[in-house]
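Notes for the one structure printed next.
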Amino acid sequence: VNRTVAFVGLGHMGGPMAANLVKAGHRVIGHDLVPSAVETAAVAGVEPAASAARAVAEADVVVSMLPAGRHVLGLYDDLLTAARPGTLFADCSTIDVADARTAHERALAAGMRALDAPVSGGVVGAEAATLTFMAGGGAAEFAEARPLLEAMGKKAVHCGGPGAGQAAKICNNMILGISMIAVSEAFVLGESLGLSHQALYDVASTASGQCWALSVNCPVPGPVPSSPAGHGYRPGFAASLMAKDLRLAANAVRKGGVHAELGMRAAELYAAYAERAGDTEDFSGIVRLIREQSGE
Ligand code: NAD
């Protein structure tokens, strides 16, 4: 069934995601605070709206793809009175779990329905419609959103109630952040022991050290030619985004009183690394910081 979708936040991720909804035959009305983002989306067939409130007035589903929780909550405050009762609000941004739960509560209180549906897969996945969606909310809401999510991605997992999608996202990325540091430290230790990158890779990638950080996004150039290390650490997944996700994980660790020493440490290391690497380096470039700090 073709739907009318209001898409708010047409940035690096939202722009191509909205374009894929158009390709799948949906009517998409888009809004972004940045006019050039709206213009680019319009070329792909997204109808420009002068305001977010205008965009949602006729929509069945509102998809948002914004930087952080405060943007999402601010937007919901503006929009929840502008949409038709029962409109489904699906937020795909990566935000704090507590903010996601607040967004659900506010949507429900206003007579709307809600889903948190953050993604993994990056800009490449957004363009190629190969994202993975992790959704939190009711089963009926997930079922309704599913065809839209599948038009923008290859997989959609219903993780549980409100906030469960955000929870899955930060738990996964906490594994990723810690494992990238682990793999990077092991390569630098190997260097100091005179072990070649290839030899360590050949052993660990088929032994118990195997993980995505090693075998797909290998932080040293050579063993995996397609990894960002082979391309000057061009992202990929930018250091700043890893730092953001680990900060969200660290918030949740603190709030929950969870004892997660490595997760907390990984958040600190990535915060420091992202200060200099920002958006221009892949998160695997942290291996260079570890090497520098080792005096090599
Ligand atoms: P981006 O900064 O490129 O896009 C965000 C857009 O939101 C911007 O164009 C901005 O102008 C717009 N915006 C902000 N407030 C607005 C408002 N009130 N109304 C309308 N538009 C508004 O960011 P991005 O890279 O597209 O990331 C979006 C979200 O996706 C973030 O939460 C990020 O953590 C998450 N994410 C990003 C990636 C990635 O690789 N870029 C991967 C997974 C998840």
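Read-outs: derived from the displayed coordinates by stated rules, not from any lab. What you see is a predicted model, and the numbers here were worked out from it, not measured in a lab. Virtual Cβ from ideal backbone geometry, glycine too; neighbours counted across all protein chains shown.
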request  = Would you list which lysines come within 18 Å of Lys255, measuring only between C-alpha atoms, while excluding same-chain residues fewer than 8 positions from it?
outcome  = Lys169, Lys244
message = Tell me the angle of helix 164-192 to the major Cα principal axis of the chain, expressed in degrees between 0 and 90 and rounded to the nearest ten.
response = 20 degrees
ask   = Relative to the first principal axis of the alpha-carbon coordinates of the chain, what is the inclination of helix 97-109, with its axis defined by its Cα atoms, in degrees from 0 to 90 and to the nearest 10?
value = 10 degrees
task = Can you bin region 25-127 into rounded, prolate or oblate? Criterion: square roots of the alpha carbon gyration tensor eigenvalues sorted a ≥ b ≥ c, rounded for a/c under 1.5, prolate for a/b above b/c, oblate for the rest.
result = oblate
ask   = For the pair Thr280 and Leu193, what calculated FRET efficiency results from E = 1/(1 + (r/R0)^6), where r is the Cβ-Cβ distance and R0 = 30 Å, to the nearest 0.05?
value = 0.45
task = Just round it to a whole percent: the fraction of Cα-Cα distances in the chain exceeding 33 Å.
result = 27 percent
remark   = Dividing the mean separation of Cα pairs under 8 Å (6+ apart) by the residue count of region 241-296 yields a relative contact order in percent of 36 percent
query = Relative to the first principal axis of the alpha-carbon coordinates of the chain, what is the inclination of helix 239-256, with its axis defined by its Cα atoms, in degrees from 0 to 90 and to the nearest 10?
reply = 80 degrees
inquiry  = Going by average Cβ density within 10 Å per residue, which order do the peptides 111-119, 245-253, 157-165, 261-269 take, highest to lowest?
reply    = 111-119, 245-253, 157-165, 261-269
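Going by how many other beta carbons lie within 10 Å of each one, how would you line up Thr81, Thr87, Thr280, Thr40, fewest first? Display every interim value, and only then the final one.
On the way: Thr81 11, Thr87 23, Thr280 14, Thr40 19.
Taking fewest neighbouring Cβ atoms as first place, the list is Thr81, Thr280, Thr40, Thr87.
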Cα-based reach from Lys155 at 20 Å (exclusive), listing aspartates and glutamates while leaving out same-chain residues under 8 positions away = Asp91, Asp116, Glu127, Glu141, Glu144
ask   = Mind checking Rg over Rh on region 162-258, alpha carbons, Kirkwood formula for Rh?
value = 1.04
query = So how far apart, in nm, are the two label points at Glu39 and Ala68 if each is 7 Å from Cα heading toward Cβ?
reply = 2.9 nm
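Taking 0.36 nm per residue of sequence separation and subtracting the Cα-Cα distance, how much length would be gained by fully extending the chain between Ala109 and Thr4, in nm to one decimal?
35.5 nm
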